[in-house]
Amino acid sequence: MNQSHVDEYASSGTSPGPMLLDIKAAARVLSATPWAVRSLLWDNKIPFVKIGRRHLIDPADLRAYIAREKSGGIA
């Protein structure tokens, strides 16, 4: 995300939702368990940002993962 997008997000009057999802939220998005999402992170199938002890996931990366899986896992 470039700086103009960050500025636009910070100054917008409406909240478009979280920029990053925790493991439980990512599990809900994927209709999976938190342990299944952890496994995807540990296997480097979905990128994540680690802040403290929390692993956070960009929703765009979840969409990319779904698209890869739909196309047979070919990147």
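The values are calculated or read from the model by the stated rules, or taken from the named source; none is laboratory data. Small disclaimer: the values here were computed from a predicted structure and weren't measured. Don't worry about glycine lacking a Cβ; one is built from the backbone with ideal geometry, like all the others, and counts go over all protein chains shown.
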Scanning the stretch 24-45 residue by residue, the ones that are part of a loop (DSSP other than H, G, I, E, B), among the polar types (S, T, N, Q) and over 13 Å from the mean Cα position of the chain (by Cα) total 2
State the number of residues belonging to the stretch 49-67 that are basic (K, R) and outside any strand (DSSP E or B). 2
Has the stretch 34-41 got any residue that is surrounded by fewer than 11 Cβ atoms within 10 Å (Cβ to Cβ), modelled with pLDDT of 95 or more and farther than 15 Å from I66 by Cα? yes
Any chance the stretch 3-10 includes a residue that's at pLDDT 95 or above and surrounded by 10 or more Cβ atoms within 10 Å (Cβ to Cβ)? no
Looking at this structure, is M19 modelled with pLDDT under 95, surrounded by 11 or more Cβ atoms within 10 Å (Cβ to Cβ) and not in a helix (DSSP H, G or I)? yes
